[in-house]
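Trainee: My structure is below; once you've seen it, I'll send some questions.
Every number in this text was worked out from the coordinates using simple rules, so none of it is lab data. Since the model is a prediction, treat every value here as computed from it, not as a measurement. No Cβ is skipped: glycine too gets one built from the backbone with ideal geometry, and neighbour counts run over all protein chains shown.
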Amino acid sequence: MEKIKKEILKHYNDSISFVESLNELTDNQWRLCIQDGKWSVAEIIGHFIPWDDFVLKRRIPYFFSDEDFPKGPNVNQMNDKSSFKARNQKKKRR
């Protein structure tokens, strides 16, 4: 179990490093669709925010209880809302 935890933590730390490297993108690159008919980098990264929040608040706590998982959100609605927000929001730098 400890090995799996370390692998998960490494994955998330690597993901954070990758996302932080995207600060080097110009605003045009940030908003450029990765392919025709696909989301931009901003939309892809932006849609992680509500999903991370959902997992942290509405999934992980239930791993430690006998309660059933609460019903999840409508995937398409959450993705549409987050991609719209990301398209219309300034790129934040850390």
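Trainee: I'd like to verify a number: residues in region 71-94 that are surrounded by 10 or more Cβ atoms within 10 Å (Cβ to Cβ) and either touching a helix residue (DSSP H, G or I) at 6+ places or on another chain (Cβ under 6 Å) or not in a loop (DSSP other than H, G, I, E, B) (or both), how many? Steps first, answer last, please.
Mentor: Of region 71-94, the ones surrounded by 10 or more Cβ atoms within 10 Å (Cβ to Cβ) are 72-74, 78-87, 89, 91.
Still in the running and either touching a helix residue (DSSP H, G or I) at 6+ places or on another chain (Cβ under 6 Å) or not in a loop (DSSP other than H, G, I, E, B) (or both): 78-87, 91.
Adding up the residues that qualify gives 11.
Trainee: Next up: Against the condition assigned to a helix (DSSP H, G or I), free of Cβ contacts under 8 Å to residues at least 40 places away in the same chain and more than 16 Å from the chain's Cα centre (by Cα), how does Ile8 come out, does it pass?
Mentor: No.
Trainee: Taking the residues in region 19-61 that are hydroxyl-bearing (Ser, Thr, Tyr) and not in a helix (DSSP H, G or I) as candidates, determine which candidate is farthest from Lys92 (Cα to Cα).
Mentor: Filtering region 19-61 for residues hydroxyl-bearing (Ser, Thr, Tyr) gives 21, 26, 40.
Of the ones still in play, those that are also not in a helix (DSSP H, G or I) are 26, 40.
Details: Thr26: 12, Ser40: 15 Å.
By that ranking, first place goes to Ser40.
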